[in-house]
Amino acid sequence: MTIVYEDRGDEDTSDVPVNRIRFTINGKKMVAEVEPRLLLAHLIRRGVGLTGTHIGCDTTNCGACTVLVDGRPVKSCTMLAVQVDGRAVETVEGLSGASELHPLQEGFKAEHGLQCGFCTPGMMMAAKALLAENPDPTEDEVRWGLSGNLCRCTGYQNIVKSVLWAADKLRAESS
């Protein structure tokens, strides 16, 4: 996969270095040629074509761009694409299977954890990392685990209920 940018004539790109990176995204092995300054969010959205990762602020404040890199949540709007060389990236598109929703997706549906939906992918990825580390969180632990993600619509109550719903389902499935 090669990332190509439109030449707008406003900058000289003849000497811009390109790095070849190899990474896995949602279980699929990829190769990309990227400029060292390319952000991970742009590689995911423009390069790979996965648009579930949203860009809301470009400053790590909102968390809409949260993805998992080697299982840890990161804000992809401030991480460079070259930093995922040799690593595994998981986006919201990697949550569900071909025919069924992930328990987090089911929880957000069952507990009305979204309104406009803009923050939802980042919330789900942060929640997935939280539940991997703590499968039986309290309400306060969920709130803390999601504290790096902003929602301007819901007031968070139903988001917290959605994550707790998913935690219960995941525990029931594992027992």
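The values are calculated or read from the model by the stated rules, or taken from the named source; none is laboratory data. A quick note: this is a predicted structure, and the numbers were derived from the prediction, not measured. Virtual Cβ from ideal backbone geometry, glycine too; neighbours counted across all protein chains shown.
Some observations on this one:
- Residue in the range 84-96 that is at pLDDT below 95 and either surrounded by fewer than 16 Cβ atoms within 10 Å (Cβ to Cβ) or within 16 Å of Ser147 (Cα to Cα) (or both) present: yes
- If only residues of the range 44-83 that are charged (D, E, K, R) and surrounded by 19 or more Cβ atoms within 10 Å (Cβ to Cβ) are counted, the one that is nearest to the chain's Cα centre (by Cα) is Lys75.
- Lys109 vs. criteria more than 25 Å from Gly27 (Cβ to Cβ) and among the basic types (Lys, Arg): no
- Only a single item in (1) modelled with pLDDT of 95 or more; (2) in contact with a helix residue (DSSP H, G or I) (Cβ under 8 Å, 6 or more places away or on another chain) is not met by Asp70, and it is number (2).
- Residue count, the range 18-41 (criterion: in a loop (DSSP other than H, G, I, E, B), in contact with an Asp or Glu (Cβ under 7 Å, 6 or more places away or on another chain) and either modelled with pLDDT under 95 or within 12 Å of Cys65 (Cβ to Cβ) (or both)): 1
- Test: residue in the range 160-174 that is among the hydrophobic types (A, V, I, L, M, F, W, C), under 17 Å from Asn61 (Cβ atoms) and outside the structural domain of Asp70 (by TED's automatic domain parsing): no
- Test result for Thr53, outside any helix (DSSP H, G or I) and touching a residue at least 60 places away in the same chain (Cβ under 8 Å): yes
- Meets criteria (part of a loop (DSSP other than H, G, I, E, B), assigned by TED's automatic domain parsing to the domain that holds Val82, modelled with pLDDT of 90 or more and within 25 Å of Val92 (Cβ to Cβ)) for Ile44: no
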